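Visitor: Shown below is the structure under consideration.
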Amino acid sequence: QVQLVESGGGLVQAGGSLRLSCAASGRTFSNYGSAWFRQAPGKEREFVAAISWSGGGTVYADSVNGRFTISRDNAKNTMYLQMNFLKPEDAAVYYCAADLHYYGSNGREYDYWGQGTQVTVSS
């Protein structure tokens, strides 16, 4: 199985930027479709963005489309989420997820999850 570790979270002012990373180990990362999800306190987990095995296909939630960019470097076994023009409502714990057979917005389809990294956005 693949292990996922997120990093790059922190505190940023509204309008600022952060780049999250998701480092994969244990298996060939290019075999996995991958995604970012987030969960704010008191709210359900929500889809943010997903990327196909090669990186040629991407899907975004409407709330982040045009502000966030998902990418991956399979040679480095790492996926990224570049977050620009951050808003207070983007504050959450961000999780990366991976699956051998799926990439998309349905969190129930992913078999592997990281522990999360906190993003805080001050207004």
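The values are calculated or read from the model by the stated rules, or taken from the named source; none is laboratory data. The structure displayed is predicted, hence computed values, not measured ones. With ideal geometry, Cβ positions are generated from the backbone for all residues, glycine too; neighbour counts draw on all protein chains shown. With ligands, DNA and RNA removed, areas are computed over all heavy atoms of the protein, side chains included. Shrake-Rupley method; radii C 1.70, N 1.55, O 1.52, S 1.80 Å.
Visitor: Of everything in segment 1-31 that's open to solvent by less than 10 Å² (accessible area, probe 1.4 Å) and more than 13 Å from the chain's Cα centre (by Cα), which residue is modelled with the highest pLDDT?
Guide: Within segment 1-31, the match that is modelled with the highest pLDDT is Val2.
Visitor: Given the condition open to solvent by less than 50 Å² (accessible area, probe 1.4 Å), modelled with pLDDT under 95 and not aromatic (Phe, Trp, Tyr), answer yes or no: does some residue in segment 38-51 qualify? Can you show your working first?
Guide: Here is the first cut: in segment 38-51, the residues open to solvent by less than 50 Å² (accessible area, probe 1.4 Å) are 38, 40, 47-51.
After this cut, where a residue has to be modelled with pLDDT under 95 as well, the list is none.
Looking for residues that are open to solvent by less than 50 Å² (accessible area, probe 1.4 Å), modelled with pLDDT under 95 and not aromatic (Phe, Trp, Tyr), one finds none in segment 38-51, hence no.
Visitor: Oh, and also: Test of understanding: among Gly56, Gly66, which residue is open to solvent by 50 Å² or more (accessible area, probe 1.4 Å), out of contact with any Gly (no Cβ under 7 Å at 6 or more places or on another chain) and at positive phi? Explain how you work it out, then say what you get.
Guide: Details: Gly56 fails: at positive phi.
The match here is Gly66.
Visitor: Looking at segment 54-76, can you tell me whether even one residue there is touching a Lys or Arg at 6+ places or on another chain (Cβ under 9 Å), modelled with pLDDT under 95 and farther than 21 Å from Leu18 by Cα?
Guide: yes
To keep it simple, each residue is scored yes or no on (1) acidic (Asp, Glu); (2) part of a loop (DSSP other than H, G, I, E, B); (3) out of contact with any Leu (no Cβ under 7 Å at 6 or more places or on another chain).
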| residue | (1), (2), (3) |
| --- | --- |
| Ala24 | no, no, no |
| Trp36 | no, no, no |
| Ser54 | no, yes, yes |
| Ile70 | no, no, no |
| Gln82 | no, no, yes |
| Gln118 | no, no, yes |
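Visitor: On to the next question. For segment 100-111, name all the residues that are crowded, with 20+ Cβ neighbours inside 10 Å and either within 21 Å of Ser7 (Cβ to Cβ) or of a type in the set (A, V, I, L, M, F, W, C) (or both).
Guide: Within segment 100-111, Tyr110 is the sole residue that qualifies.
Visitor: Would you call Leu86 in contact with a strand residue (DSSP E or B) (Cβ under 7 Å, 6 or more places away or on another chain) and assigned to a strand (DSSP E or B)? Please lay out each step first, then the result.
Guide: Values: in contact with a strand residue (DSSP E or B) (Cβ under 7 Å, 6 or more places away or on another chain): yes; assigned to a strand (DSSP E or B): no.
Against the criterion (in contact with a strand residue (DSSP E or B) (Cβ under 7 Å, 6 or more places away or on another chain) and assigned to a strand (DSSP E or B)), Leu86 does not qualify.
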